[in-house]
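The values are calculated or read from the model by the stated rules, or taken from the named source; none is laboratory data. Keep in mind that this is a model prediction, so the values were computed, not measured. Here the Cβ positions follow ideal geometry from the backbone for every residue, glycine too, while neighbour counts run over all protein chains shown.
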Amino acid sequence: MYAIVVGAGKVGRNLARELIVKDHEVTLIECSRARYLTIEEEFEHAVQYGDATELWVLERAGIQRADLVIAVTGDDEDNMLVCQVAKEKYLCESIIARVNNPRNYDHFKLLGILPAVSATDLILRLIEHEVPRYGLVHLLALEEERLEIIELEVSADAPVAGERVADIALPEGSLIISVLRENAGFVPKPDTVIEGGDGVLLVLDPGLEQSITAFFAPDGSPAEA
Amino acid sequence: MFVLIVGAGRVGSAVAKSALAAGHEVSVLDEDPLSHERLDAGQSKSWEDAQGRFTVGTALETDALIQAGIERADVFIASTDGDNTNLIIAQIAQKRFGVEKVIARVMDPARASWYGEQGLHTISPTKHAIEMFERALELELA
């Protein structure tokens, strides 16, 4: 695979290094002359000096034959522009953009620049995983499958208390797989009525914790682990 | 017409003043509060007294754009000092806020012409300067 990495900061350098170790062909593009000179010794011909938002710089790096363009500069506009041009002008198959300011994520999405990766968001998601802020307990995270299983306690005033499972319109990507009641667990049927005080196990796509909590424990009181 | 101008440098502030003088409603957004002085310079009334609007904020902040009135803008002009910023915010104005007329200042002729082909109205001062120099040179050498 041929990958172009734009921005030779800590992220760009380490990505390039890893890709080279894995036997991929890599060109790293850096627009600061000083930084370029420092890393040239290590990367030799695999690093080029230039502003990758200039089309000729991308062409000099061989963007026409690149399989992957990764934009990880510290500037969100630059990352968006590089990826947009790579995708739409040079028809590059895969792009990955770094989001520096999580507030800009919507702009990346609007312009179709996905995946867009934000370190802040990744860490926030980990925090939510570690600290059960939404009153739920993470039982199992299936990283590869991008699924997780959680446990929640149904509060008495929850919107779902007294509802039949079939009538609960949970968000797409979530499913009740078990109900825990009076020290016993069972797999619910469509006509099972959820009661306040029940424990429920759900399988869900990561990121749905907050919206799911609203159904079962709107006040966010911690479940008993 | 409601004209929103992002970036009140030499170009943005001059266009803002002439649009206001032509009777349009004009709102200016710039991250530097000092850029307001450029709007007042050489005018008999202050920018606000002349019914101009000025908002401090960066162009990628949705809140700042909304505060500056982007939701009812008829024309959006991106004239910050960054080509990439101008190209990105012009697309945001077009695609997220549905502004009908969007114009972006893009110094780099190559980027200006490719984005122009994609349907964005771009103006490249560099391209104009090159053409003018070429013409002047032709005349000198004739």
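Observations on the model:
- On inspection, B:A8 does not qualify as hydrophobic (A, V, I, L, M, F, W, C), surrounded by fewer than 17 Cβ atoms within 10 Å (Cβ to Cβ), over 20 Å from A:D106 (Cβ atoms) and modelled with pLDDT of 95 or more.
- B:A41, sole failed condition from (1) of a type outside the set (V, I, T); (2) at negative phi; (3) under 15 Å from the mean Cα position of the chain (by Cα): (3)
- Test: residue in region A:83-103 that is at pLDDT below 95, surrounded by fewer than 19 Cβ atoms within 10 Å (Cβ to Cβ) and part of a helix (DSSP H, G or I): yes
- Qualifying residue in region A:165-174 (condition: closer than 23 Å to A:R125 by Cβ, in contact with a helix residue (DSSP H, G or I) (Cβ under 7 Å, 6 or more places away or on another chain) and aliphatic (A, V, I, L, M)): yes
- Residue identified as within 30 Å of A:Y105 (Cβ to Cβ) and either buried (at least 16 other Cβ atoms within 10 Å of the Cβ) or more than 12 Å from the chain's Cα centre (by Cα) (or both) among B:D63, B:D49: B:D63
- Per-region count, region A:144-164, residues in contact with a His (Cβ under 7 Å, 6 or more places away or on another chain) and surrounded by fewer than 19 Cβ atoms within 10 Å (Cβ to Cβ): 0
- Neighbours by Cβ (under 7 Å, 6+ apart or cross-chain): first from region A:86-97, within 12 Å of A:D67 (Cβ to Cβ); second among the polar types (S, T, N, Q): A:Y90/A:Q64
- From the options A:E54, A:E77, residue that is crowded, with 19+ Cβ neighbours inside 10 Å and of a type in the set (D, E): A:E77
- When A:D75 is tested against (1) under 22 Å from B:D81 (Cα atoms); (2) more than 14 Å from chain B (Cβ to nearest Cβ); (3) acidic (D, E), just one condition goes unmet, and that condition is (2).
- Here the condition is being among the aromatic types (F, W, Y), touching a strand residue (DSSP E or B) at 6+ places or on another chain (Cβ under 8 Å) and within 23 Å of B:S113 (Cα to Cα); of A:F43, A:F108, it holds for A:F108 alone.
- Matching residues in region A:40-62 - criterion: being in contact (Cβ under 8 Å) with a residue 40 or more places away in the chain and in a helix (DSSP H, G or I): A:L58
- Candidate set: region B:48-76, residues that are of a type in the set (D, E, K, R) and part of a helix (DSSP H, G or I); chosen: the one farthest from the other protein chains (Cβ to nearest Cβ): B:R72
- Criterion violated by B:E134 - all others in (1) farther than 20 Å from A:D78 by Cβ; (2) within 11 Å of chain A (Cβ to nearest Cβ) satisfied: (2)
- Any hit, region A:63-70, residues being assigned to a loop (DSSP other than H, G, I, E, B) and either at pLDDT below 95 or away from chain B (no Cβ under 14 Å) (or both): yes
- Pick from region A:1-43, criterion among the hydroxyl-bearing types (S, T, Y) and touching a Gly at 6+ places or on another chain (Cβ under 9 Å), ranking: nearest to A:V57 (Cα to Cα): A:T27
- Among the candidates B:A8, B:A14, B:A19, residue that is within 18 Å of B:I103 (Cα to Cα) and assigned to a loop (DSSP other than H, G, I, E, B): B:A8
- Pairs linking a residue in region A:100-111 that is free of Cβ contacts under 8 Å to residues at least 12 places away in the same chain and facing chain B (nearest Cβ under 10 Å) to a residue that is among the hydrophobic types (A, V, I, L, M, F, W, C) and part of a helix (DSSP H, G or I), with Cβ atoms under 7 Å and 6 or more positions apart or on different chains, are A:L110/B:I92.
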